[in-house]
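Have a look at the structure below before the remarks.
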Amino acid sequence: MTHNDPLHLLILAASWLIFGISHSLLAGTTLNRVFGRYARLVFNGVAVVMTALPFAISARLPVNLLWEEPAWLFWTRQGVSVATLLAFIDTLKYYSMPGFLGLKIETWQLTFSPWHRYVRHPWYFLMLILIWTQTMSETWLVSALCMTLYLVLGSRLEENRILCFHPDSYAQYCHIVPRLIPWRGCALDEATRLKLESQALTEAGSQIPVS
């Protein structure tokens with residue numbers, strides 16, 4: 001079996017690195033000074049372009065599968081992927097999509113949806129499942145490792161920004177609920193959820209800018 005040139009795989013990894021750096025540096029209020037109310041829209045546009053870059057590079061490289069999978073594994077992967085996409089659709093009702101997409105200027109109060117009672121970053125958790133249930137080739141393995149690394153580091157950066165607004169309530173929440181992988185016995189009960197949400201309202205800067 002032929003393999004991809006290591007240099008090509010390195011270029012692919014570098015493109016993911018560029019995405020990660022640009023996405024992290026531009027998150028938060030970085031673009032507000034230049035683009036004002038359109039900052040979120042610009043941020044999303046840059047994110048789309050920078051995400052397209054590694055996928056475009058990957059599409060030009062040979063697809064070398066790492067192993068031959070049996071039919072049962074193929075269909076299991078497909079089933080898990082479909083279930084994950086349905087779960088992702090369910091999470092959308094707990095977010096303001098106009099604000100997230102940059103179509104509307106919004107700030108968010110710190111609240112905890114049913115998904116957030118079990119994992120601090122539901123979207124990242126579901127993305128990890130989707131990433132690792134795809135057909136595994138050399139190029140996808142490189143991309144999967146890079147995306148996983150970004151989700152781990154990016155979630156930490158995102159939490160640091162939230163802690164600036166909610167140093168007490170969110171810190172307590174982080175102590176209870178796992179960051180990326182739900183874990184048995186680590187969930188936010190209803191009484192604690194109400195307590196933390198009430199506490200968040202009293203903290204300075206209780207409104208989190210959409211970022």
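Readers should treat all values here as calculations from the given coordinates under stated rules, not as data from a laboratory. Just so it is clear, the structure is predicted and the values come from calculations on it, not from any experiment. Counting neighbours? That spans all protein chains shown, and the Cβs are built from the backbone with ideal geometry, glycine included.
Things worth noting here:
- Ile131, Ile181 arranged by Cβ crowding within 10 Å, fewest neighbours leading: Ile181, Ile131
- Alpha-carbon centroids, region 131-159 and region 51-113: separation in whole Å: 11
- Amide N proximity, region 91-124 versus Glu197 label position 7 Å along Cα-to-Cβ, cut-off under 14 Å: 94-95, 109-118
- Helical runs (DSSP H, four residues minimum) scored at -39500 (n - 2.57) apiece and divided by the length of the chain put the mean residue ellipticity at 222 nm at -20500 deg cm²/dmol.
- Taking Cβ atoms as reference points and 14 Å as the exclusive limit, the residues near Thr30 contribute a net charge of +2, counting Lys and Arg as +1 and Asp and Glu as -1.
- Pairwise FRET efficiency - Leu85 versus Ile105, Cβ, R0 = 22 Å, nearest 0.05: 0.15
- Kyte-Doolittle mean at least -1.0, axial Cα span of 18 Å or more - DSSP H helices of the chain: 6-26, 39-59, 71-91, 138-165, 190-202
- Cα gyration tensor shape of region 78-167, rounded if a/c is under 1.5, else prolate or oblate by comparing a/b with b/c: prolate
- For region 6-209, the spread of Cα positions along the three principal axes, ordered from largest to smallest, is 55, 44, 25 Å.
- Backbone N under 20 Å from the Arg179 label point (7 Å along Cα→Cβ), restricted to region 118-146: 118-132, 144-146
- Extension gain, Arg161 back to Lys93 (0.36 nm per residue minus Cα-Cα distance, nm): 22.1 nm
- Extension gain for the segment Asn32 to Asp168, taken as residue separation times 0.36 nm less the Cα-Cα distance, is 46.3 nm to one decimal.
- Each of Pro62, Met136, Ile105 was scored by the projection of its Cα onto the charge dipole of the chain, and the greatest displacement toward the positive side belongs to Ile105; charges sit on the C-beta of Lys, Arg, Asp and Glu.
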